[in-house]
Structures are given as C-alpha cells and as structure tokens.
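Asker: There's a structure below that I have some questions on.
The values are calculated or read from the model by the stated rules, or taken from the named source; none is laboratory data. In this text the structure is predicted, and so the values were computed from the model without any measurement. Note that we place each Cβ from the backbone using ideal geometry, even for glycine, and neighbour counts take in every protein chain shown.
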Amino acid sequence: MSASTHVFTGRLVERREDAAGPVGSVSVRGARVVVALDLVPDAREGDSLLVHAGVALAVLGGPLDPGPRPQAFPPPTWGGTGWGVDE
C-alpha cells in the first residue's frame, strides 16, 4: 500500500474527445495531467475537479470568477447594542 495519496484537485484547462471517451487536461500546481472525464460529463473548462488515479470524480467548483462572496456574518437585525441586551 502506498504511503502517499493520489487524490488531488485541479483546474480543467482543455477538454476533448479521445478514442476512449472524453478526456481533459487538468492544471495542478503548474503541471498538466490528462484525466478521464467519463464520470463528470458536464465538466467545462475552468471547473475545479477532484481527481483520483487519472479519473475526474467530481466537479468541485465553477469558473475562476465565482461572483460576489456572501457576507460571513449578517448584520444583527435587532436594535440596541447588538448584543441582545435592551438599553
């Protein structure tokens, strides 16, 4: 059994059809890895993929511009000091 894991995430930079089915080129820390895309038929260029043993298992995220980030903590909706204590 190997001491290292072969599971990684990477960005899909190229998608094409091969004789064996859909394959893609995934960028991982500057290196390019060719992976099978059979399990993620909706993956598009720019998507972040979870890869194991040369097979993309899941799409983790979309393109690089995800839009505005949600606010981590919404502002309080009550009056006073914001600590729930009436003044």
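Asker: Say we look at region 3-39 and pick out the residues that are loosely packed, with under 11 Cβ neighbours inside 10 Å and over 18 Å from LEU50 (Cβ atoms); which of these is modelled with the lowest pLDDT?
Answerer: Checked region 3-39; the qualifying residue modelled with the lowest pLDDT is ALA3.
Asker: Turning to a different aspect of this structure: Say we look at region 40-57 and pick out the residues that are assigned to a loop (DSSP other than H, G, I, E, B) and among the small types (Gly, Ala, Ser); which of these is farthest from VAL28 (Cα to Cα)?
Answerer: Result: ALA43.
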